[in-house]
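The values are calculated or read from the model by the stated rules, or taken from the named source; none is laboratory data. Everything quoted here is computed from the prediction, not taken from an experiment. All Cβ positions, glycine included, derive from the backbone under ideal geometry; neighbour counts span all protein chains shown.
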Amino acid sequence: MARYLAQIIVMGVQVVGRAFARALQQEIAASQAAAQARGSAGQHSAAAASSITGMSLQEAQQILNISTLTPEEIQTNYDHLFKVNDKTVGGSFYLQSKVVRAKERLDEEVSIQTEQPNRKSQ
C-alpha cells in the first residue's frame, strides 16, 4: 500500500515538474521575443508595442479616455489621471501605474504612426 502511494506521489511530482518546465520555457521564449522587439527600434509594429507595455491600444485608450491619438489630449488626460490617483491624495498606486503604462503605449503608437508616413516617402 505504501509502495503504491509512493509511486503516485513520484508520478505526480514528475507531471508537475514537466508542466513547470514547459511553462518556464514558454516564459523565457516570450521574454526573449519582447526583448528583441524592444531592441529592434527600426522595426516598430503594434504587436511589438503591445508586448513591450503589456497593454493593447484599445485598453490604453479606455484607461486614458482617449478617442483620437493626439499628443496634447494624451498628455492632458494623463496629467489629470496621474494627479487624481496619487497616493498622497488617497489615490491608488495600482491605478496610477496603469495610467503610466497606458500613456507609454499611446506614445509608442503615436511614434509608430508618425514613422510610417516618413518611411513611405523615402
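Hand me the list of helices (runs of 4 or more DSSP H) wholly inside the range 24-122 holding 2 or more residues that are modelled with pLDDT under 90. Can you show your working first?
On the way: elements: 46-53, 57-64, 71-84, 93-121.
Answer list for the range 24-122: 46-53, 93-121.
Go through the range 54-90 and give me each residue that's charged (D, E, K, R) and either surrounded by 15 or more Cβ atoms within 10 Å (Cβ to Cβ) or under 18 Å from the mean Cα position of the chain (by Cα) (or both).
First, pick out the residues of the range 54-90 that are charged (D, E, K, R): 59, 72-73, 79, 83, 86-87.
Listed by number, the residues that qualify are 59, 73.
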